[in-house]
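> Dumping the structure here so I can ask a few things about it.
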Amino acid sequence: MRERIADVAAGLFAERGYDGVSMIEVARAATVSEQTVYNYFPAKQDLVLDRADEIREQYHRAVATRPPGTSPASALHLLVIGLITHFRSEELSLARGEFPAQCLISPVLRRFALEVREQQAQTIGDAIRTTDPAVPAIVARAHAAAIVAVVQSITDDIGTHVRSGDVSDEAADRMRRTAALAFDHLDQAFRSITTTYRGDPR
């Protein structure tokens, strides 16, 4: 039921945009009561951001449990590659109504997304402080914010390609190269940070 409601909502968002669809319209299209929709999705933004807590936990776990010699950026790079792979295989009729595409056209959703990204940066920063306590909190947080900025940039690229209908292998390869460039830079930056504050890069 949860997946069905989310798919129906994505279809409506693809047709009319996130801002142009109400919860009651989602309920009618899914042939369920409005209360049923709210039981699964307490707020409208949850229809597109309902995995935010799960993703934040994934980010924390990836950074906190990364092997020695692996930077936070390298640990999270694989998750971003997963986003690109998902984009390549996603059905366009649904993808146009999902977060990457809708975040580009809905000011309301964009504001919610910024809140989610802020929480992700806090989570990643906390994980860095757990594994590298010698790194000052403000430095860990700044580095985490830079990582999250790359994630958002790639997400926006995905949304742009979905909206244009360009879900080709070539588009996915370009995004992978862009992600690799950014994450390699952040990997080098973190090694410099740990050398400065601990004397031996992780």
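> Out of Phe183, Phe112, which single residue is of a type in the set (Phe, Trp, Tyr), over 30 Å from Ser93 (Cα atoms), assigned to a helix (DSSP H, G or I) and in the same structural domain as Pro67 (by TED's automatic domain parsing)?
Phe183
> Evaluate the following for Leu76: is it modelled with pLDDT of 95 or more and under 24 Å from Val162 (Cα atoms)?
Against the criterion (modelled with pLDDT of 95 or more and under 24 Å from Val162 (Cα atoms)), Leu76 qualifies.
> Would you be able to tell me the number of residues in the range 77-125 that are of a type in the set (Ser, Thr, Tyr) and without any contact (Cβ under 8 Å) to a residue 40 or more places away in the chain?
Total satisfying the criteria: 1.
> Right, next: Among residues belonging to the range 106-118 that are surrounded by fewer than 16 Cβ atoms within 10 Å (Cβ to Cβ) and closer than 24 Å to Ile84 by Cα, point out the one that is farthest from the chain's Cα centre (by Cα).
Pro107
> Within the group Arg177, Arg117, which residue is among the basic types (Lys, Arg), at pLDDT 95 or above and over 23 Å from Gln45 (Cβ atoms)?
Only one candidate qualifies: Arg177.
> Take the range 16-30 and flag every residue that is within 12 Å of Ala101 (Cα to Cα) and assigned to a helix (DSSP H, G or I).
Tyr18
> If you don't mind, there's one more thing I want to ask. Being of a type outside the set (Val, Ile, Thr) and surrounded by 15 or more Cβ atoms within 10 Å (Cβ to Cβ) is the filter here, so list the residues in the range 65-91 that pass it.
Arg66, Ser71, Pro72, Ala73, Ser74, Ala75, Leu76, His77, Leu83, Phe87, Arg88, Glu90 - these are the residues of the range 65-91 that are of a type outside the set (Val, Ile, Thr) and surrounded by 15 or more Cβ atoms within 10 Å (Cβ to Cβ).
> A further question follows. Applying the selection to the range 82-104, what residues are among the β-branched types (Val, Ile, Thr) and touching a Lys or Arg at 6+ places or on another chain (Cβ under 8 Å)?
Ile84, the sole residue that qualifies.
> Sort through Val139, Val151, Val135, Val162 and tell me the only one that's surrounded by 15 or more Cβ atoms within 10 Å (Cβ to Cβ), outside any helix (DSSP H, G or I) and touching a residue at least 12 places away in the same chain (Cβ under 8 Å).
Only one candidate passes the filter, namely Val135.
The values are calculated or read from the model by the stated rules, or taken from the named source; none is laboratory data. Predicted model only: the values in this text are computed from it and were never measured. Note: ideal-geometry Cβ built from the backbone for every residue, glycine included; neighbour counts use all protein chains shown.
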